[in-house]
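Worksheet: one structure, shown below.
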Amino acid sequence: MRSPAPSGASLPLRRGFTLIELLVVIAIIAILAGMLLPALAKAKDKGQAAACLSNTKQIGLAIQMYADDNRGIFPNQWWAVGPYRNSRGKNCGGEWLRTPASTLSNYTGAPKVWVCPKKLRGLTYKTEPGSFDPSITGFLSYGFNYLGVFGGDGGKTFKESSVSRPTEMVAVTEVNGTDDPKQIGGGIGNEKADAAWLDGYWAGGSFPQQTQPRGNQNFRFQSQMRKHNLRVNIVYVDGHSAGTKPSQLIWGQWYGVFSGTVIPNSAGKRWDGPVSNAALDKSEIPPN
């Protein structure tokens with residue numbers, strides 16, 4: 001049997017970490033965190049891009065179902081002079097009601113399909129605090145090709161069968177703008193809160209007329225905020241969706257013109273001319 005320690009004998013002291021050792025451990029943790037955080041951010045961005053692509057696939061399917069129910073004709077709704085008011089009696093954006101988005105909601109279901117999970121445009125508006133959906137805010141994360149598909153104020157009807165390359169022609173794509181109803185165009189409808197109309201005003205004042213990474217109309221599409229690894233998700237006329245860099249698109253994919261030289265009524269754009277460049281791909285300009 002072990003005899004007890006003599007009275008008055010001191011027990012051995014337990015040695016703790018020194019200050020230097022603690023600092024080394026903290027430094028190692030910081031280095032590991034610094035290495036891990038970019039990977040986590042990249043994984044998060046990939047997840048958001050996949051969720052956004054899922055949204056565009058639902059939108060593409062909705063357009064096809066609408067066309068099937070309407071003799072092949074695509075939905076059409078044009079801009080009108082604001083101000084706009086929502087069901088709460090508040091000033092809001094006009095993109096929900098004055099584009100085909102509200103009509104297509106009968107096929108897409110919940111309005112939040114029009115909100116990109118990275119951009120989040122459509123969840124808020126400056127009129128009141130809180131989180132809502134595009135049917136209340138009036139804003140969208142996705143915009144419509146009014147140059148060759150959705151007709152605009154010309155009143156024309158569009159069918160997939162009317163174009164030679166429906167797998168290449170753009171129908172709907174990601175866009176960005178403010179969520180401030182006060183920035184809606186008073187007489188022309190082409191201010192920084194009017195992003196979902198990719199029309200002649202946008203085309204005439206964006207690339208190549210404006211080649212530098214700055215605001216103007218480029219912010220709607222070419223230099224829009226919160227791209228997915230420099231890419232945006234696009235719905236094509238045949239209904240399929242894919243991510244691409246804006247600079248990889250040509251103007252013929254917007255106008256539905258794939259031959260000749262200059263596109264008629266396009267401010268001198270060539271059908272095979274690029275819609276953007278690498279500098280604008282990398283640029284993300286807040287439309288404030």
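The numbers here are math on the coordinates, done by the rules we state, and not lab data. Quantities reported herein were computed from a predicted structural model and do not represent experimental measurements. Methodologically, a virtual Cβ is constructed for each residue, glycine included, from the backbone with ideal geometry; neighbour enumeration extends over all protein chains shown.
Could you tally the net charge around Leu120, taking each other residue with its Cβ under 13 Å from the Cβ of Leu120, Lys/Arg +1 and Asp/Glu -1?
Once positives and negatives cancel, what remains is +2.
For the chain, calculate the relative contact order in percent as a whole number, restricting contacts to Cα pairs under 8 Å that are 6 or more residues apart.
Details: 548 pairs, mean separation 51.4, N = 288.
RCO, the chain: 18 percent.
Could you tally the net charge around Trp96, taking each other residue with its Cβ under 14 Å from the Cβ of Trp96, Lys/Arg +1 and Asp/Glu -1?
It works out to a net charge of +2.
Can you give me the distance in nm between label points at Lys44 and Glu128, each placed 7 Å from the Cα along the Cα-to-Cβ direction?
So the two model labels end up 3.0 nm from each other.
Could you grab the relative contact order for region 222-266? Cα pairs under 8 Å, six or more apart, rounded to a whole percent.
It rounds to 25 percent for region 222-266.
Taking the 0 to 90 degree range and rounding to the nearest ten, how far is the long axis of helix 19-69 tilted relative to the main principal axis of the chain, both from C-alpha atoms?
Once rounded, one gets 20 degrees.
Within region 113-163, which trypsin sites (Lys or Arg not before Pro) sit in a loop by DSSP and count at most 14 neighbouring Cβ atoms inside 10 Å?
For trypsin sites (Lys or Arg not before Pro) across region 113-163 that sit outside H, G, I, E and B with at most 14 neighbouring Cβ atoms in 10 Å, the list reads Lys156.
Using a cut-off of 11 Å between beta-carbons, work out the net charge of the residues near Ser247 (Lys and Arg +1, Asp and Glu -1, Ser247 not included).
+2
Based on the alpha-carbon gyration tensor of region 68-196 and its eigenvalue square roots a ≥ b ≥ c, which shape applies: rounded if a/c is under 1.5, prolate if not and a/b is larger than b/c, or oblate?
Here region 68-196 falls in the prolate category.
Mind checking Rg over Rh on the chain, alpha carbons, Kirkwood formula for Rh?
Numbers: Rg = 26.3 Å, Rh = 21.0 Å.
Taking Rh as the inverse mean 1/r over Cα pairs, Rg/Rh reads 1.25.
Calculate for the chain the 222 nm mean residue ellipticity that helices alone would give, adding -39,500 (n - 2.57) per DSSP H run of length 4 or more and normalising by residue count, nearest 500 deg cm²/dmol. Don't skip to the answer; put the middle values down first.
Numbers: 6 runs with 78 residues, N = 288.
Dividing the helical sum by the residues of the chain leaves -8500 deg cm²/dmol.
Hey, rough spin-label estimate for Glu168 and Asp272, points 7 angstrom out along Cα→Cβ, what's it come to in nanometres?
Those two pseudo-labels are separated by 1.0 nm.
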